[in-house]
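Some notes on the structure that comes next.
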Amino acid sequence: MAGDSSLALDAWLSHRIVALEERFFAWLGAWVGRRPKAAAALVMLVYAALFPGTFLLEGDGKLVYLNLDTDFLTTFTLTDTPEYKRYTLGTSIYPDVRIVGLAESPRNGQSAFAADSLRAALDVESHISSSLSISHDGKQYSFEDLCVRASSKTPCRFSSAASMLVGSGQVAENRLRQLELMEHNSSHWPLSKRVAWLVSGIPPPQRALVQVHFGTGRVDAFPGAGASVDALAEWLINSKVLLASFNLQDAEASKLFERETLRWVTGSSGALRVSATTTASLGDECVKIGTSALPLLAATIITMVGYVVMHLGGETRIPGHTQ
């Protein structure tokens, strides 16, 4: 008996819900049919009422002077756009919260392992870490002020393919001079031997990082940190790009520093062709992605409103009433 009562109650509730739905949509259709202009205006008003909420969104990208949240934009991403491909590439290489990533490639076909290329890379990175600065709230900030540190007394978090090969400061200068002498005696020191000499200077514990510091274009597997110097050199020898990254605190001044770095890199010239990927620039790419999707979103909204006004109103036409 209890089972029969439960089935009867379910049937009654189902019938009541369906009846209420039918009455509501019949009333809605009749109202739309009588006042199509009012219905269209109401729909647009609802969308407009939600617009001020965009002022509360957080993110690096801006559209019409409004901050737009990256996750919101990627929800409506067109994945075949160049901007989206650059965004996914950048976030896969540089996943940290705030970072400036550099890709340094020699001009005129010169080897990335030439002394001139490595010296130029060190000069670019030194300018960003030591000379570049921005002004925020009346204060000057450099990389030293904004960088991420393991503790207050430790160095800034920074990685560089050039520094990995030759070191920094006077050590780097000494190794670069040795490399120049090898280049002048290229018959005895071909490129393969010079690259092996550079690799031999990398401490064994750091050799596992070789695969993420150089743009090799290789599709074969990395030989491994425990591989011989010659095997690592053979894997690296065709590298065209030296990579570097600067880790920054998640602060408003860091965003300005990123954009200043991007501006300086874009206007610089020299032995290297340098391109920068920053967290702020990834946000800008998201804005471009969202902008490219706006026509699709607008067409969707217009189609929905058209359906409400034309189809729903027409299907529920009440005899004796003009539409």
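The values are calculated or read from the model by the stated rules, or taken from the named source; none is laboratory data. What you see is a predicted model; the values in this text were computed from it and never measured. With ideal geometry, Cβ positions are generated from the backbone for all residues, glycine too; neighbour counts draw on all protein chains shown.
Could you please let me know if Gly306 is out of contact with any Cys (no Cβ under 9 Å at 6 or more places or on another chain), on the phi > 0 side of the Ramachandran plot and either part of a loop (DSSP other than H, G, I, E, B) or at pLDDT below 80 (or both)? No. Out of Asp284, Asp250, one residue alone is modelled with pLDDT under 85, more than 29 Å from Phe222 (Cα to Cα) and either part of a helix (DSSP H, G or I) or among the aliphatic types (A, V, I, L, M) (or both). It is Asp284.
Would you say Ser5 is over 18 Å from Gly306 (Cα atoms) and exposed (fewer than 10 other Cβ atoms within 10 Å of the Cβ)? When the stated conditions are applied, Ser5 passes them. When Ser129 is tested against (1) of a type outside the set (A, V, I, L, M); (2) farther than 15 Å from Asn247 by Cα; (3) crowded, with 17+ Cβ neighbours inside 10 Å, only condition (2) is not met. Close Cβ contacts (under 6 Å, 6 or more residues apart or on different chains) running from residues in the range 265-292 that are within 21 Å of Glu125 (Cβ to Cβ) to residues that are at pLDDT below 75 and among the acidic types (Asp, Glu) comprise Ala280/Asp60. Could you tell me which numbered condition Thr261 fails, if it satisfies all but one of (1) assigned to a helix (DSSP H, G or I); (2) β-branched (Val, Ile, Thr); (3) modelled with pLDDT under 80; (4) in contact with a helix residue (DSSP H, G or I) (Cβ under 8 Å, 6 or more places away or on another chain)? Of the numbered conditions (1) assigned to a helix (DSSP H, G or I); (2) β-branched (Val, Ile, Thr); (3) modelled with pLDDT under 80; (4) in contact with a helix residue (DSSP H, G or I) (Cβ under 8 Å, 6 or more places away or on another chain), the odd one out for Thr261 is (3). Only one of the numbered conditions (1) touching a strand residue (DSSP E or B) at 6+ places or on another chain (Cβ under 8 Å); (2) outside any loop (DSSP other than H, G, I, E, B) is not met by Ser239, and that is (2). The set of residues in the range 143-160 being modelled with pLDDT of 90 or more and hydrophobic (A, V, I, L, M, F, W, C) consists of Phe143 alone. How many residues are among the aromatic types (Phe, Trp, Tyr) and under 30 Å from Val195 (Cα atoms) when one looks only at the range 123-162? Total satisfying the criteria: 1.
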